[in-house]
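Colleague: One structure coming up, written as structure tokens, with questions to follow.
The values are calculated or read from the model by the stated rules, or taken from the named source; none is laboratory data. All figures in this text were calculated on a predicted structure; none of them were measured in a lab. Every residue, glycine as well, gets a Cβ built from its backbone with ideal geometry; the counts of neighbours run over all protein chains shown. Heads up: the accessible areas ignore ligands, DNA and RNA and are worked out on the full protein's heavy atoms, side chains in. Shrake-Rupley method; radii C 1.70, N 1.55, O 1.52, S 1.80 Å.
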Amino acid sequence: MSVKIGDVFPNAVLTYIPYDAQNPDVCGLPQQLKTHEAFKGKKVVLFAVPGAFTPTCSEAHMPGYVERVSELKSKGADIVACVASNDQFVMHAWGNSYKVKDDILMLSDANGELGSALGLVNDGTARRMGPIRLARFAMIIDDLKVIYIGVESAPGVTVSGAPAVLAKL
């Protein structure tokens, strides 16, 4: 069963590499992010992509958030985060390629813990991408409560794109 509006966002452990303004080209040590600790009392815009550096994710999904991150924050988002099935090192490199610094938190769900808890995973085996890949979606979480969710039902970016999320903030 997939997560729906009004549900409590699941408690999951994700990983990331914090941005270091003093050493922006250095890959730091991975850190854990426990969603209930990090998101409690905050308004979070979370968007998920099946894979970093993949065509639709890189050409259509991520650029919209990079271009509109300040708008998202000015409309109340405390945290803007991207999550993918890739490991934290790939997510860090992908964020660096867009120069997101610490504007967008680049999260790894490499074990599929969050995606499985949300009921938003796809089997990427046929495309040689592994059995657990995140679906393409975006959500707004307000103090751990899901208040918007847009899951793409076809290729492309519509309900999970930054314009759709901005309209719901």
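Colleague: Karplus couplings for region 34-45 from phi (6.51 cos²θ - 1.76 cosθ + 1.60, θ = phi - 60°), rounded to Hz, Gly and Pro as x?
Modeller: 8, 4, 5, 6, 6, 9, 4, x, 10, 9, 10, 9
Colleague: Additional query: Of Lys4/Lys101; Lys4/Lys73; Lys4/Lys99; Lys43/Lys99; Lys43/Lys101, which ones are farther than 25 Å apart at the Cα?
Modeller: Going by Cα-Cα distance, Lys4/Lys101; Lys4/Lys99 fall outside the 25 Å limit.
Colleague: Counting only heavy atoms of protein chains, what accessible area per residue, in Å², does the chain have with a probe of 1.4 Å? Intermediate results must be reported in sequence, preceding the final value.
Modeller: On the way: 8260 Å² over 169 residues.
On a per-residue basis, the chain sits at 49 Å².
Colleague: Here is a further query. Can you give the longest run of the chain that contains no trypsin sites (Lys or Arg not before Pro) sitting in a DSSP loop with at most 14 other Cβ atoms inside 10 Å?
Modeller: That gives 43-98 as the longest site-free run.
Colleague: Also: Measure off 7 Å from each Cα along the Cα-to-Cβ vector at Ile79 and Gln32, then give the distance between these two points in nanometres to one decimal.
Modeller: 1.5
Colleague: Find the relative contact order for the chain and round it to a whole percent, using C-alpha pairs within less than 8 Å whose residues are 6+ positions apart.
Modeller: Working: 355 pairs, mean separation 51.4, N = 169.
With pairs under 8 Å counted, the relative contact order is 30 percent.
Colleague: Let me ask something else about it. What list of ³J(HN,Hα) values in whole Hz, one per residue of region 10-17 in order, does the Karplus curve 6.51 cos²θ - 1.76 cosθ + 1.60 (θ = phi - 60°) give from phi, with Gly and Pro shown as x?
Modeller: Values per residue, Gly and Pro as x: x, 8, 9, 10, 10, 10, 7, 10 Hz.
Colleague: ³J(HN,Hα) across region 92-102 via Karplus (A = 6.51, B = -1.76, C = 1.60, θ = phi - 60°), whole Hz, x for Gly/Pro?
Modeller: So the Karplus estimates, Gly and Pro as x, are 4, 5, 5, x, 4, 5, 9, 6, 6, 6, 10 Hz.
Colleague: Further question: Taking amide H atoms as placed 1.01 Å from N in the peptide plane, list the residues 5 or more away in sequence, or in a different chain, whose amide H sits under 5 Å from that of Leu107.
Modeller: Cys82, Val83, Ala84
Colleague: On the accessible surface of the chain, probed at 1.4 Å, how many percent belong to carbon and sulfur atoms?
Modeller: Of the solvent-accessible surface of the chain, carbon and sulfur hold 51 percent.
Colleague: Counting Lys +1, Arg +1, Asp -1, Glu -1, what net charge surrounds Lys40 among other residues with beta carbon under 13 Å of its beta carbon? Please report the intermediate quantities before stating the final value.
Modeller: Values: positive: Lys34, Lys42, Lys43, Lys145; negative: Glu37, Asp78, Asp142, Asp143.
Net of charged neighbours comes to 0.
Colleague: Given a Förster distance of 45 angstrom, what is the FRET efficiency for Ser153 paired with Ala21, based on the Cβ-Cβ distance and rounded to 0.05?
Modeller: Calculated transfer efficiency: 0.70.
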